[in-house]
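Chemist: Handing you this structure, nothing more for now.
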Amino acid sequence: MTLALQLIIIALGIFLLIVIMNAAVHKKISESHALLWIVPCFLIIIGGIFPQVTYILSDMFHTEYPPAVVFALAIIISYLILFQCFKSLSVLAIKNKELASQAALLTERVRVLEQTVQKLQESCGQEEDGVGP
Amino acid sequence: MKHDLLIIMPAYNEEASIGKFLGSLKEFGILEYADIIVINDASADHTVEILQMLNVPFISHPYNLGYGAALQTGYKYAVTGGYRYIIQMDSDGQHDACNIPKIYDCLRQKDTLGNRPDLVIGSRFLKESQSFPMPFTKKVAIRFFRRVIKIASHQVITDPTSGLQGLNRRVFEYYARFGNFDNNYPDANMLVQMSLLGYQIKEIPATMHKRTAGKSMHFGIIEPLLYMCIMLFSTYNVFVRSKWKLLQQPIYDKGGNNPDEKI
């Protein structure tokens, strides 16, 4: 790996880290979700500083083409993050339905209560006018 | 609202201990000068039935929102109810009811400079505290966050993970606002935030017991580790927000920490 490429990878890793940490400071992402993205950033930076890690890993897995290990790792990490996103999305969808259902029930209860209050007010008004029993 | 003190108790699957604890509140005569609200965080056991049977006021979340969110619901309730002070405590029986009068007195007492504390923490690590032996990992975590708080805010807090806290209206009104409270893990990060915003924090010795039933929030190996990482990151974020002036400023000016006169 050339020094220029190494520097680009390290700079990219640091840039991504700053973007994520800035988003967390501005409450654009929760701390737990930010951590999920910070870990890959550190992996990018470490990969940039120590490119020989790629060769060690490719030797470990008997891969002929060392960058394939990097691609495999990237795909696995992306898959895990994507899975986490979909998991959160599913939970949010269920919670949203529950909230909508509870809101509908509350609206119905308020409507019934309003009708009862109105009837009571009307009957009270009739009593005051002497129309009532 | 009958009294100016509200006791907030978040509860999640506490059927085994909540009844006994509520009984101890009556025993100590706490309900003569304090109102109580239990925030049922969508318990799946018989917590609600017990609360209904004992005729204790409670609010139920539609689904589990977590400890911090339960507390924030309590703060919002206290704001709407016009309370002056709140004391938050766990419903698992770890926090002894005898701590309530001590915290309440401390919240109302002026120091030599004429200031009242905004936030009173019941500590397990002061001279007169009575507590139970803690696991080594928890001790390490507490020491670690003690140091983090000291570095970030120059404040010495002996028990940064204590859930037993007394707050005056100045604090809970601030916490009740959107975005001002960590509704996942409100611990060291919130203490640093309040200290950096100029709120007066005081610790008093507390009596705590070992949990006899139910499950702790931080059990296992991965959960506490994750908690430590998130808490450290969250405390760092609070520190940066404070330096970049991103924190919402206190409702009342610094030094105006007398809720009796300000509200």
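Chemist: Would you tally the residues in region A:54-63 being exposed (fewer than 15 other Cβ atoms within 10 Å of the Cβ) and either in a helix (DSSP H, G or I) or in contact with an Asp or Glu (Cβ under 7 Å, 6 or more places away or on another chain) (or both)?
Modeler: 4
Chemist: Kindly indicate whether any position in region B:141-157 is in a helix (DSSP H, G or I), under 13 Å from the mean Cα position of the chain (by Cα) and crowded, with 19+ Cβ neighbours inside 10 Å.
Modeler: no
Residues checked against (1) more than 14 Å from chain B (Cβ to nearest Cβ); (2) outside any helix (DSSP H, G or I); (3) more than 25 Å from residue A:36 (Cβ to Cβ); (4) not small (Gly, Ala, Ser):
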| site | (1), (2), (3), (4) |
| --- | --- |
| A:87 | yes, no, no, yes |
| A:101 | no, no, yes, no |
| A:106 | no, no, yes, yes |
| A:128 | yes, no, yes, yes |
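Chemist: If you take the residues in region B:237-262 that are more than 10 Å from chain A (Cβ to nearest Cβ), in a loop (DSSP other than H, G, I, E, B) and under 30 Å from residue A:19 (Cβ atoms), which one is modelled with the lowest pLDDT?
Modeler: My answer is B:249.
Chemist: Then there is this: Give the residues of region A:17-38 that are touching a residue at least 24 places away in the same chain (Cβ under 8 Å) and either aliphatic (A, V, I, L, M) or buried (at least 19 other Cβ atoms within 10 Å of the Cβ) (or both), sorted by residue number.
Modeler: The answer is A:17, A:36.
Chemist: Which numbered condition in (1) more than 25 Å from residue B:203 (Cα to Cα); (2) out of contact with any Gly (no Cβ under 9 Å at 6 or more places or on another chain) is the only one that residue B:110 fails?
Modeler: The single condition residue B:110 does not satisfy is (1).
Chemist: Another question, if that's okay. For region A:39-53, which positions are more than 11 Å from chain B (Cβ to nearest Cβ), free of Cβ contacts under 8 Å to residues at least 40 places away in the same chain and in a helix (DSSP H, G or I)?
Modeler: Correct list: A:41, A:42, A:43, A:44, A:45, A:46, A:47, A:52, A:53.
Chemist: A further question follows. Hey, among the residues in region A:13-35 that are β-branched (Val, Ile, Thr) and more than 15 Å from the chain's Cα centre (by Cα), which one's nearest to the other protein chains (Cβ to nearest Cβ)?
Modeler: A:25
Chemist: Another question about this same structure. Do we have residue B:223 as in a strand (DSSP E or B) and of a type in the set (D, E, K, R) here?
Modeler: In short, no.
The values are calculated or read from the model by the stated rules, or taken from the named source; none is laboratory data. What you see is a predicted model, and the numbers here were worked out from it, not measured in a lab. Positions of Cβ are generated from backbone atoms using ideal geometry, with glycine treated the same way; all protein chains shown enter the neighbour counts.
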